[in-house]
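S.K.: Before I ask anything, here is the structure I am working with.
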Amino acid sequence: MRNLWRWIVAGLVLRLSKKREVHREVDLPADPGAETWTAALLFAAALAGLAFVAIYAFDDADTQLLGLSIAAALALIAAALILAAVRVVPQETLEEERPRFADPYRDEENREDAVEGAALSFREGTDGVTRRRLLGAAGAAAGVGLGAAALAPLASLGPAVGDRLAASPWKAGVHLVDENDLPVKASDLEVGSFLTAFAKGADKGELATPLVVVRVKPEELELPAERADWAPEGILAFSKICTHAQCAISLFRYPLFAERSPGPALVCPCHYSTFDVLDGGERIFGPAVRPLPQLPLRIEAGELVAAGPLSGAVGASWSRVREEG
Amino acid sequence: MTTRRVFRFLDSRTGGGSVLGKALRYVFPDHWTFLFGEIAMYTFLILVATGTYLALFYEPSTAQVVYHGAYAPLRGQEMSTAYASAVDLSFEVQAGLLIRQVHHWAADVFLAAITVHLMRIFFTGAFRKPRDVNYYVGLTMLVLAVVEGYVGYSLLDDLLSGMGLAIGNAVALSVPVIGGQLGSLIWGGRFPGAPNFFGRLFFVHVFVLPILIATLMAVHLVLIATPRHTQFRGRGRGERNVLGTPMWPAYALRSLGLFFATTAVLFALGGLVQINPIWQWGPYEPWLGTNGAQPDWYLGWLIGALRLMPSFDVVIGNYTLVPNPFWGGVAFPGLIFGFLYLWPTIERRWTGDRRAHNLLDRPRDNPTRTAVGAAVFSLVATVFFAGAADRAFVQFGVPYEDQLWGYRALTVLAPIVVFFLTRALARRLRESGAHPARDSGARLVERPGAISRPTSGRS
């Protein structure tokens, strides 16, 4: 048994390391050292590959070790190939003539002949056809008809655009609730703080549902006359979705020292559109154009309740956004 | 003997023997700048391989589930099936995180390699006839690759990808006249979209776009090989010939070496350098947002454009013709890609040079083209850095508002200054004949043992 094994190994080694006769008239590098190194690198790569399998087989395989082992296997193969490319195989520079079509300096007559020939073959194919224009027009019509038929089902992808705007859960009497559906109370907010609120019973994932509610000092407010009673006790509610690109307004800037800092504002973290809180959500900085829609509030038994619908369309602008708002 | 038997087997059944013989002697001119395209191609293969693995675990569904997996901080939280499957893939699938991170790194390297490759093509005039058609094919692949990357990282439904989709929806809505309907069609209604929206995204990401890119890549390769490679000027090199290393064996081994080296780097990155740890961002909901959000690098120029744009819509009466996100999200990239698509035509008209070119220009050989390219690049780079102004504020404390005005000024000034500076520099270099690398004390190294064996007329 042991002898048999020896014979197999010896045969394998002989077979693998058999030198091949070469008859070529190029400079052959003949660098046996490089060949040995190449083989060694490839064997090492095999080991690294097996190491990856071994690490993988562990119960809680470490991502770093997995990455290292397979990267090592790949890098060793890369090294072997590059070594073989520059030290083992013949180094030669070949010259090749380019195909003639790309040759601007030769006589272009032959090329022109080829083009003419192709054009002629194309025309000859329809020799004997009398009413070409009619057939051409009919073919074009068929193409247009079929094209229209092929594109029409694309309309099934989405509802008509008009359906999507009216949807807003906010109207007079709707209660504001927090993420756990508990009512939002006026006492939840201190001056300078803010929170996220939703329409009671509405789908929180709907774009018009979430609000950002903030509290400022009532005497700071500079609301327009028609919104004078929208912010009881200095509490204001706005749509939380930025009118520029629909990110959630998740930054509230409240000055700790009013003389030196800019006024209270809501800021969108995506493109830093900034909305003035005191005057009812007008844009003061950044790329947004429309103001943040404001929700009129009233306080019933300490809880916040909508006193009417939002003041404008929620979300990003589109062609008819200003008609709805 | 075996080789001959295999070749005979193939040739007697396909008649491909002569083609194979020619392919083995195909000549690749040696220049390091030619490798970026190869890196892009190899990275694409890695993306397909790793992506196939990921697709076996990912579930494109917005159905809400409560998380009970291995990552303790998220336990008990409600999230979409898509996000949960991506978190599970990262923590509970053996080697899943490695493959996911390799996929993400490969996407970033893919776009980087294409971009640098495009710059090589542009600045050396390789886009000229007869390769202009292939240049358009390549540009189209770049556009598709950017979209593919965006759709890919949107699939995870983590907080950052959700914010990215919200912005994408706003950009779709901002297209004049048809925008509202366009957004409604793609998302299946109002943002955040119909329940099957993620199924659509997934199909586009793993089928539609990869097949388009792969098809264009095949066309790209055929159109490279048909007129043969371009080459720089040099001894024995002309418009009619091409001088270089034959495909077999030296080039094939080198190129295969490059493939394995690229793959090794990507797997080392995927194993050692964390990228997009979605479990830290948490699941997305439309009412959640975070400060300091940044997209992958290849979308940095678009977030910069959206942020830089002054606040105005084009409004006629009550009709909003052009909502603001259109400028940064559509018009700006449209302008840049429009320039790139039109440049071969512009240059041909303006120079009157309609000949075919197989020899490459060095950037200095055509100072005006180089200056125009550098100016456009400086514009994109300025907008790109403007997209990171909030991070610069955190790092260096320069007020965001001041930076924004500075960048707005730079978008006008930088291209002008860069244009004249580059043109003057290129002209001076061309006249002096100096070589920037040589004059700096570096040496050009010639590989030993190179011999020339002309084969013209044989193939």
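Any read-out appearing in this document is the output of simple, stated calculations on the displayed coordinates, not a laboratory observation. Predicted model only: the values in this text are computed from it and were never measured. Reconstructed Cβ throughout: ideal geometry from the backbone, glycine too, with neighbour counts over all protein chains shown.
S.K.: Can you give me the angle between helix B:332-351 and the longest principal axis of chain B, using Cα atoms only, in degrees from 0 to 90, rounded to the nearest 10?
M.R.: Result, in degrees: 20.
S.K.: Over the range B:154-284, what relative contact order in percent results from Cα pairs under 8 Å that are six or more residues apart?
M.R.: Normalised by residue count, the contact order of the range B:154-284 is 35 percent.
S.K.: Which whole number gives the average count of other chain Cβ atoms within 10 Å of the Cβ atoms across peptide A:237-244?
M.R.: Counting Cβ atoms of other protein chains within 10 Å of each residue's Cβ and averaging gives 3.
S.K.: Treat the count of other C-beta atoms within 10 Å as a stand-in for reagent exposure and order A:Tyr56, A:Tyr272, B:Tyr284, B:Tyr67 from fewest to most.
M.R.: If I rank by nearby Cβ atoms, fewest first, I get A:Tyr56, B:Tyr67, A:Tyr272, B:Tyr284.
S.K.: Residues with beta-carbon under 11 Å from that of A:Ser187, excluding A:Ser187: net charge, scoring Lys, Arg +1 and Asp, Glu -1?
M.R.: Result for the neighbourhood of A:Ser187: -2.
S.K.: Next question, about the same structure. Please go through the range B:107-165 and write out the chymotrypsin sites (Phe, Trp or Tyr not before Pro) that DSSP classes as loop and that have at most 16 other C-beta atoms within 10 Å.
M.R.: Qualifying residues, ordered by number: none.
S.K.: For chain B, calculate the relative contact order in percent as a whole number, restricting contacts to Cα pairs under 8 Å that are 6 or more residues apart.
M.R.: 20 percent
S.K.: If you don't mind, there's one more thing I want to ask. Net charge near B:Ile416: determine it from the other residues with C-beta under 15 Å of the C-beta of B:Ile416, scoring Lys and Arg +1 and Asp and Glu -1.
M.R.: Combined, the nearby Lys, Arg, Asp and Glu give +2.
S.K.: Go ahead and run the numbers for FRET between A:Ala228 and B:Gln395, Cβ-Cβ distance against an R0 of 35 Å, rounding to 0.05.
M.R.: 0.20
S.K.: Oh, and also: Which residues make up the longest stretch of chain B that has no trypsin sites (Lys or Arg not before Pro) in a DSSP loop with at most 12 other Cβ atoms within 10 Å?
M.R.: B:76-232
S.K.: Gaussian network model of chain A, Cα springs within a sub-10 Å range: biggest mean-square fluctuation belongs to which of A:Arg87, A:Arg215, A:Arg123?
M.R.: A:Arg87
S.K.: Just add up the charged neighbours of B:Leu35: K/R +1, D/E -1, any other residue whose Cβ is under 14 Å from the Cβ of B:Leu35.
M.R.: 0
S.K.: Continuing with this model, one more query. Multiply the residue separation of B:Gln294 and B:Asp30 by 0.36 nm, subtract the distance between their alpha-carbon atoms, and state the gained length in nm to one decimal.
M.R.: That pair, B:Gln294 and B:Asp30, stretches by 91.2 nm at full extension.
S.K.: Now, a different point. Of A:Phe52, A:Phe252, A:Phe122, which has the largest mean-square fluctuation in a 10 Å C-alpha GNM of chain A?
M.R.: A:Phe52
S.K.: Using only the alpha-carbon atoms, how far is helix B:132-154 inclined from the longest principal axis of chain B? Give it as 0 to 90 degrees, nearest 10.
M.R.: Tilt relative to chain B: about 30 degrees.
S.K.: Roughly how tilted is helix B:81-91, in degrees to the nearest 10 and between 0 and 90, from the longest Cα axis of chain B?
M.R.: The answer is roughly 60 degrees.
S.K.: A further question follows. Per-residue Cβ counts within 10 Å, from other chains only, averaged over B:181-189: what number is that?
M.R.: Whole-number average of other-chain Cβ neighbours for B:181-189 is 6.
S.K.: Okay, next question. Would you list B:Ile186, B:Ile211 from fewest to most Cβ contacts within 10 Å?
M.R.: Lowest count first: B:Ile211, B:Ile186.
S.K.: What FRET efficiency, computed as 1/(1 + (r/R0)^6) with R0 = 35 Å and r the Cβ-Cβ distance, is obtained for B:Val314 and A:Ala155, rounded to the nearest 0.05?
M.R.: Taking R0 as 35 Å, the efficiency between B:Val314 and A:Ala155 is 0.80.
S.K.: I would also like to ask the following. Taking 7 Å along the Cα-to-C-beta vector as the label spot, tell me the A:Lys171-B:Phe57 distance in nanometres, rounded to one decimal.
M.R.: That separation, rounded to one decimal, is 4.9 nm.
S.K.: Separate question: Can you put A:Cys270, A:Cys247 in order, fewest other beta carbons within 10 Å first?
M.R.: Ranking A:Cys270, A:Cys247 by Cβ neighbours within 10 Å, fewest first, gives A:Cys247, A:Cys270.
S.K.: While we're here: Give me the count of lysine pairs in the protein assembly as shown whose alpha carbons sit under 19 angstrom apart, restricted to pairs 8 or more positions apart or on different chains.
M.R.: Summing the qualifying lysine pairs gives 10.
S.K.: Enumerate the amide H contacts of B:Phe28 below 5 Å, restricted to partners 5 or more residues apart or on another chain; note that Pro and chain-start residues carry no placed amide H.
M.R.: Those lying under 5 Å, H to H, from B:Phe28 are B:Thr245, B:Met247.
S.K.: Still on this structure, please answer the following. Based on DSSP loop calls and a cut-off of at most 14 other Cβ atoms within 10 Å, the longest stretch of chain B free of exposed GluC sites (Glu not before Pro) is what?
M.R.: Of all site-free stretches, the longest is B:93-445.
S.K.: Next question. Can you list residues from other chains, or at least 5 along the same chain, whose modelled amide H is less than 5 Å from the amide H of B:Asn241?
M.R.: Residues meeting the amide H criterion: A:Arg98.
S.K.: GluC sites (Glu not before Pro), restricted to the range A:197-272: which are DSSP loop and have at most 10 other Cβ atoms within 10 Å?
M.R.: A:Glu259
S.K.: Counting only C-alpha contacts under 8 Å and six or more residues apart, can you give the relative contact order of the range B:46-104 as a whole percent?
M.R.: 37 percent
S.K.: Please report, ordered by residue number, every helix of chain A (full DSSP H runs) that is 20 Å or longer along its axis going by C-alpha atoms and whose mean Kyte-Doolittle hydropathy reaches 1.6.
M.R.: A:63-83
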